[in-house]
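In what follows, a single structure is set out as structure tokens and then discussed.
The values are calculated or read from the model by the stated rules, or taken from the named source; none is laboratory data. Please read all numbers here as calculations on a predicted model, not as lab measurements. Reconstructed Cβ throughout: ideal geometry from the backbone, glycine too, with neighbour counts over all protein chains shown.
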Amino acid sequence: MRMTLIFALFLALPFLAGCQGFMQPTPAPTLTVVSLSSSAKVEPTGTPQAERSASRAPASPTTTPGPRQTVQSTEAAAGQRIMALGVRSALVLRASPQAGAAVVATLPGSQVTWAEGRSPDGRWLRVAYGDADARAWLAFSDVKLLGEAAELPQIGPEVATGSAPSSTPSPALSAGASAKSAPGGLGGRVLADQVNVRRGPGLDQAAIGQAGAGQPVTVIGRSSEGDWLAVAWAGGTGWVAARLIELSGSAADLPALAAQTSGVTAPAAPLPAAGGKIVLQTATGGDIYIVNADGSGLRRLTDGIDPALSPDGTHVAFARWASPHGVFVLDLRTGQEQRIASVNRPRGPTWSPDGARLGFTHVTRTRTCVEMGFSCVDPDEVRRMFGGRDCIETPQGRRCIADFPVVNVDDNGLAVVNPDDGSRQNLISEGTIQSIQWRPGQNQLLFRGRQGLQTIQPGEQPVPLGDDPNIGSPAWSPDGQRIIAQMRINNRSEIVLLDAFGKVARYLTQPPPTYERPGKPAPSSVAPTWSPDGQSILFLSDRDGAWKLYIMNADGSNQRLFLPNVLDQLSFRYDFAAERTANWGR
């Protein structure tokens with residue numbers, strides 16, 4: 001993939017140098033050239049490399065065009081064109097700006113397209129491609145845009161992403177003139193970044209679309225309990241959790257249209273009796289503790305990274321970067337530690353279901369490259385791209401190789417070791433391998449790779465489980481049928497539930513609608529782990545200012561502090577480096 005991106009950029013360089021170069025059969029478009037320099041920094045060698053956040057689509061505009069908006073002519077909007085470079089192995093072009101629209105073409109990821117416009121929600125680009133300058137829609141997340149998306153004109157009505165597959169764009173939430181007034185109901189505004197609009201007032205109702213932060217809505221009713229609001233949707237009615245909508249008036253003035261079918265703010269069922277024990281780390285390389293799930297028996301074990309309990313609960317595996325470095329196993333019965341693998345900067349040891357093997361990642365090499373914004377490129381390759389010169393002249397001024405930062409990047413390997421005899425099997429090596437975990441009952445490992453979640457069986461090649469690089473820290477449920485993970489959403493992380501195929505089934509956490517943190521990022525929820533019975537989820541969050549452990553039911557309900565009277569004596573830190581804060585075992 002890196003070489004296809006380099007090749008695409010190489011095709012673009014004649015424009016940067018002011019030459020004719022990559023010509024199109026139609027009159028040459030106006031090319032917006034921007035600096036590809038990045039603010040990427042070198043991670044200190046003593047800290048695990050942080051997860052890279054993928055480029056996000058621009059935020060939805062504050063004013064959402066109504067569903068009757070006239071679609072602009074593509075040709076009329078094409079005065080400004082920006083080159084788009086693929087970041088996938090293949091580019092899927094669709095007839096309209098939604099995931100379920102008809103596929104009109106599939107292009108190699110290295111093929112250059114030209115963005116001429118964007119959908120009002122910013123998630124799709126109208127692009128021209130091929131010798132005949134055909135036009136179609138391409139997901140913003142599939143390309144690196146060599147310019148500012150905000151400079152592109154909006155084309156067409158907003159489309160609700162996540163709706164049922166169709167080649168016809170689905171209308172957006174019908175909105176009043178503003179959140180302050182709405183004929184036939186109250187004005188409202190969406191508070192969360194992404195809200196499911198459901199067929200009925202309950203979590204058990206099918207999602208028929210989604211709305212984004214700041215989007216105005218017309219609220220026409222409520223559930224009899226008041227926990228759900230009915231909004232005008234596609235000529236009918238959709239339902240949104242009341243806590244996610246800011247109203248211009250009182251919900252009590254709205255008519256009760258239906259009884260809710262499942263509770264959102266209704267009292268949740270009590271958590272099941274906690275069982276087993278939990279190992280946890282206070283920070284990467286910090287103290288490792290163990291505590292019984294009922295709060296008894298808290299004690300310090302050792303120091304290290306990413307602790308994991310063995311299936312029978314008698315041993316704890318962990319990594320250590322301090323001397324002597326490697327992967328270690330601690331016997332809880334004797335307190336003795338044993339190093340089972342001497343490797344460079346190991347992470348995330350995980351036990352096989354039978355406890356006979358341990359998987360882990362480690363750094364196989366550190367290479368120097370030039371951070372180009374879309375990829376880190378070998379210095380010799382960058383010089384070839386610049387035609388052997390240090391600098392080139394562009395319409396926006398002189399650009400030099402020295403403008404781009406030189407960084408050190410780790411390549412990681414995935415290995416499996418037998419803790420009894422130390423025999424090791426190296427599986428794969430690539431730039432990004434994080435958060436590995438064995439699937440219960442199977443000889444299969446799950447991990448986060450460069451392009452998203454992947455699975456691998458020892459001796460075979462990895463298989464993609466998803467292509468969203470914003471999803472990380474996955475963990476299989478005890479029955480091996482569900483996955484919990486953390487997902488990067490704008491400037492925060494949240495816990496999501498995935499099915500066995502890596503698709504998001506439910507968002508389990510969200511920041512409080514009225515949180516106030518002036519000058520600070522939104523609170524995050526990270527590092528999830530299952531209880532042994534699969535009924536509860538433990539996670540770390542800074543929603544109250546400091547990092548603390550929380551617990552919730554597996555459906556996201558009944559979120560509360562975990563053992564506050566016991567764990568308040570500990571101070572937690574999270575560095576967004578895919579660290580495993582806690583592991584719950586028997």
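Points worth noting:
- Taking region 255-278 as the range and being crowded, with 20+ Cβ neighbours inside 10 Å, at pLDDT 85 or above and over 30 Å from residue 567 (Cβ atoms) as the test, no residue passes.
- The single condition from (1) in a loop (DSSP other than H, G, I, E, B); (2) touching a residue at least 24 places away in the same chain (Cβ under 8 Å) that residue 360 fails is (1).
- For the criterion of being part of a strand (DSSP E or B), in contact (Cβ under 8 Å) with a residue 40 or more places away in the chain and of a type in the set (S, T, N, Q), residue 571 fails.
- For region 478-510, the set of residues classified as small (Gly, Ala, Ser), surrounded by 20 or more Cβ atoms within 10 Å (Cβ to Cβ) and not in a strand (DSSP E or B) consists of 502 only.
- Output for region 218-244, where each listed residue is without any contact (Cβ under 8 Å) to a residue 60 or more places away in the chain and either within 27 Å of the chain's Cα centre (by Cα) or assigned by TED's automatic domain parsing to the domain that holds residue 492 (or both): 239, 240, 241, 242
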